[in-house]
Amino acid sequence: MDELLAQFLIEGPELVQQGSDALLALEQAPDDRALVDDAFRAIHTLKGSVGLFDLPAMAVTLHAAEDVLGAVRSGVRGADRTTIDALLAVLTQTERWLAALEAGGGLPDDASLAARRLADQLNASAAPPGEASSDAAPDWALALRQAAPSGSGPLTAVRYQPAAGCFFSGDDPLALVRDLPGLVHLQLGLRPAEAGVGGYDPFDCRLDILTLTTAPAAEVRTAFRFVPDQIEIVAPPAEGPALAPAEPDTQGAVRTLRVDAARIEALAAMVDDLVSARTGLAAVSSLAASGGDPAVVARGLAAQSDVIDRLVGQMHGQVMALRMTPAAPLLRRFPRVARELAAALGKEIDFVVEDNGVEADKAIIEGLFEPLTHLLRNAIDHGIEPPDARVRQGKPRRGAIHLTAGATGGRFELTLRDDGAGVDPAAIRAVVAARGLLSAEDLEALSDDQAVELIFLPGFSTASTLTDVSGRGVGMDAVKAAVQRLGGRIAIDSRPGQGTAMTLVLPLTLTLTKVMVVSSDGESWGMPMESVLETVRVPAASVTAIRAGRAFNWRDRTVPLLSLAELVGGGPSPPGDDHRVLVVRCGREVIGVAVDAIQDRADVAVRPLDGLLAGMAGVSGTTLLGDGRVLMVLDPEALVG
């Protein structure tokens, strides 16, 4: 790939995001000149970069957007909602084109048509008399759009009502329509006769001609340039709202990563040290081959092993640190998505993002856009009530949605919280019962929180109608599967009438993790050292039965005692004189986990589960031990539930 193009594909999405941020802020403060300048600067830079390549559709669109922003800067045009919508549509399309360019090396076949359509949308608010914008499309245009062939894409609707005496002026209405470029649909009708006119006059033209064309408004005006007072041009709404930036297939695409030069230099220095360690190991090997003193050889091997172990650990940490990327660029994409979703559904929302400067593995950040988009769709569609309904309930007219990122205990947490209707456990139970997914006895045994968890069942939906946003029985199970593929889990906290919080908990990175290798019921398991507060021996006499469980006293507090064998689905622990117990922190709680033995402590690289194991609860990933065995690394919080 050309170096200039590769650099543009790195900088392009950043410029799109900068422009989007400025436009969204400008909508709240339309008189802020600095925000106009920021948006203009981003789009101007994008246009200049595109000029280096043969991308005419993108260049034309960005040039039109730059002209509009120039008019806003000079005060000729205001930063109203129609203008902001059109400019954001340009940036959304530019984002799609950049992704397609990276994936396939070129723009889609319909790029020219999309570019013309966006240019018309940019000029909609300044349309001359006789033209209507899509925000105020008349009934005839809406009905005509419904009659269009499916999948026909963006269209222009034209109503041509020839003058009554057009035949005497040499006009041929049907010939004009026949020459209209991109004609996809035609309807002919008759206008009613004017009041006071006598009988039927065969020389009067009373045709009412309705057409749909793929040509932009400018080409339509050219075709009807001799009868401009007899036409009405409308850009009707598309078949369905564009709800979120499309995520094209990027298989085979060149993936890039921007890295601080200092990190590369540090890694190169470690490689030099590793080469020196290899030379030292070769010297020890030669000494052993020549029959040297075994004690000297053993000491030399141990010393070189320590050096190599230290360097490998440092290099692994440095390489994985290269993959750490801020969560902010991902989260900054969602205000634009939320705005489009809310507009499509007639909702009013305030969307707040808090990234708290968190960084996570690049693969994890890249894999979160789709599940977060699903969650945002559900929050706006099913969670946030219509404005009038919120007012009747005593809530603010505008709904509130917060997307917050944080890091605790070596884990990356994302929480999407709304103040909407919440999830009704009774409605969940009713749907599950109606579909026969669980028996009445099992449903009755579930707590409200457990009933809410049933929304993650494949194909589950409580939507009574289908929309372009959700309600098709897919989504939440896909979210759960996507999060599990990343080595994480999802939790839901919902209160009817008050709102819902969805929390995604994922690993921060795939770097080396310290684990304690323990055995239970003949199997070895890894427990993250960051979760282990202490290891203790608890005499059997110190264990107290409490209801159906057991507990012991640890540092003047009562701690539940659980058996690892039972937690992982094995049999009960055999009775003994005492218990080897790991005191483990699970969220805000502390528990004791009884094991058969503590075998080792190790630095391991944990890989998320995939394939058939992706849905295994309570396991965060796997790693290989020195003897080649696969070790399951536990997630204590998910294991205990």
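The values are calculated or read from the model by the stated rules, or taken from the named source; none is laboratory data. On a predicted model such as this, the values are computed, not experimentally measured, just so you know. Please note: Cβ atoms are built from the backbone with ideal geometry, for glycine as well, and neighbour counts cover all protein chains shown. These area figures cover heavy atoms from the full protein model, side chains too; ligands, DNA and RNA do not enter into them. Shrake-Rupley method; radii C 1.70, N 1.55, O 1.52, S 1.80 Å.
Which of (1) open to solvent by 80 Å² or more (accessible area, probe 1.4 Å); (2) at pLDDT 85 or above; (3) of a type outside the set (S, T, N, Q) is the odd one out, the single condition LEU281 does not satisfy?
LEU281 satisfies all of (1) open to solvent by 80 Å² or more (accessible area, probe 1.4 Å); (2) at pLDDT 85 or above; (3) of a type outside the set (S, T, N, Q) except (1).
Examine the range 520-530 for a residue that is more than 29 Å from GLN314 (Cα to Cα), open to solvent by less than 30 Å² (accessible area, probe 1.4 Å) and modelled with pLDDT of 90 or more, and state whether such a residue exists.
Step one: of the range 520-530, the residues more than 29 Å from GLN314 (Cα to Cα) are 520-523.
Now restrict to residues that are open to solvent by less than 30 Å² (accessible area, probe 1.4 Å): 520.
Now restrict to residues that are modelled with pLDDT of 90 or more: none.
No, the range 520-530 contains no residue that is more than 29 Å from GLN314 (Cα to Cα), open to solvent by less than 30 Å² (accessible area, probe 1.4 Å) and modelled with pLDDT of 90 or more.
For every residue, the table says whether it meets (1) of a type outside the set (Lys, Arg); (2) at pLDDT below 80; (3) surrounded by 11 or more Cβ atoms within 10 Å (Cβ to Cβ); (4) more than 20 Å from ALA218 (Cα to Cα).
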position	(1), (2), (3), (4)
ARG159	no, no, yes, no
ALA163	yes, no, yes, yes
CYS166	yes, no, yes, yes
ASP172	yes, no, yes, yes
LEU176	yes, no, yes, no
VAL184	yes, no, yes, no
LEU188	yes, no, yes, yes
GLU194	yes, yes, no, yes
TYR200	yes, yes, no, yes
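Let me spell it out: the conditions are (1) assigned to a helix (DSSP H, G or I); (2) within 18 Å of SER20 (Cβ to Cβ); (3) touching a residue at least 24 places away in the same chain (Cβ under 8 Å), and ALA79 meets all of them except one. Which number is the exception?
(1)
Could we say that ARG411 is in contact with a strand residue (DSSP E or B) (Cβ under 9 Å, 6 or more places away or on another chain), farther than 25 Å from LEU443 by Cβ, surrounded by fewer than 23 Cβ atoms within 10 Å (Cβ to Cβ) and touching a residue at least 40 places away in the same chain (Cβ under 8 Å) here? Lay out the reasoning, then the answer.
Working: in contact with a strand residue (DSSP E or B) (Cβ under 9 Å, 6 or more places away or on another chain): yes; farther than 25 Å from LEU443 by Cβ: yes; surrounded by fewer than 23 Cβ atoms within 10 Å (Cβ to Cβ): yes; touching a residue at least 40 places away in the same chain (Cβ under 8 Å): yes.
Criteria met by ARG411.
Would you pick out the residues in the range 32-66 that are of a type outside the set (Val, Ile, Thr) and touching a residue at least 40 places away in the same chain (Cβ under 8 Å)? I'd like the intermediate steps shown before the answer.
First, pick out the residues of the range 32-66 that are of a type outside the set (Val, Ile, Thr): 32-35, 37-42, 44, 46-49, 51-59, 62-66.
Within the range 32-66, ARG33, ALA39, LEU46, SER49, LEU52, PHE53, LEU55, PRO56, ALA57, MET58, ALA64, ALA65 meet the criteria.
Inspect all residues belonging to the range 20-29 and state whether any of them is outside any helix (DSSP H, G or I) and touching a helix residue (DSSP H, G or I) at 6+ places or on another chain (Cβ under 9 Å).
Start the filter on the range 20-29 by keeping residues that are outside any helix (DSSP H, G or I), which leaves 29.
Cutting the leftovers down to touching a helix residue (DSSP H, G or I) at 6+ places or on another chain (Cβ under 9 Å) gives us 29.
Yes: the range 20-29 contains one or more residues that are outside any helix (DSSP H, G or I) and touching a helix residue (DSSP H, G or I) at 6+ places or on another chain (Cβ under 9 Å).
Filter the range 308-329 down to residues that are assigned to a helix (DSSP H, G or I) and touching an Asp or Glu at 6+ places or on another chain (Cβ under 8 Å) and give me whichever is most open to solvent (accessible area, probe 1.4 Å).
Once the filter is applied, the top-ranked residue is PRO329.
Within the range 414-448, how many residues turn out to be open to solvent by 20 Å² or more (accessible area, probe 1.4 Å) and free of Cβ contacts under 8 Å to residues at least 40 places away in the same chain?
Counting residues in the range 414-448 that are open to solvent by 20 Å² or more (accessible area, probe 1.4 Å) and free of Cβ contacts under 8 Å to residues at least 40 places away in the same chain gives 20.
Do any helices (runs of 4 or more DSSP H) lying entirely in the range 343-442 carry at least 2 residues that are farther than 30 Å from THR325 by Cα, and which ones are they? Don't jump to the end; show me each part of the working.
On the way: elements: 362-366, 369-378, 387-392, 425-435.
Filter on the range 343-442 gives 387-392, 425-435.
Looking at the range 95-107, is at least one residue modelled with pLDDT of 80 or more, in contact with a Cys (Cβ under 7 Å, 6 or more places away or on another chain) and open to solvent by less than 60 Å² (accessible area, probe 1.4 Å)?
Checked the range 95-107: no residue is modelled with pLDDT of 80 or more, in contact with a Cys (Cβ under 7 Å, 6 or more places away or on another chain) and open to solvent by less than 60 Å² (accessible area, probe 1.4 Å).
Pick from the range 220-233 the residues that are in contact with a strand residue (DSSP E or B) (Cβ under 8 Å, 6 or more places away or on another chain) and assigned to a helix (DSSP H, G or I): which of them is least open to solvent (accessible area, probe 1.4 Å)?
First, pick out the residues of the range 220-233 that are in contact with a strand residue (DSSP E or B) (Cβ under 8 Å, 6 or more places away or on another chain): 220-221, 224, 227, 230-233.
Those still in the list that are assigned to a helix (DSSP H, G or I) too: 220-221, 230.
Details: VAL220: 0, ARG221: 96, GLN230: 32 Å².
By that ranking, first place goes to VAL220.
Does ASP361 meet the test of being open to solvent by less than 10 Å² (accessible area, probe 1.4 Å) and modelled with pLDDT under 90?
Working: open to solvent by less than 10 Å² (accessible area, probe 1.4 Å): yes; modelled with pLDDT under 90: yes.
The answer is yes for ASP361.
Of the residues in the range 330-354, how many are open to solvent by less than 30 Å² (accessible area, probe 1.4 Å) and over 21 Å from ALA25 (Cα atoms)?
0
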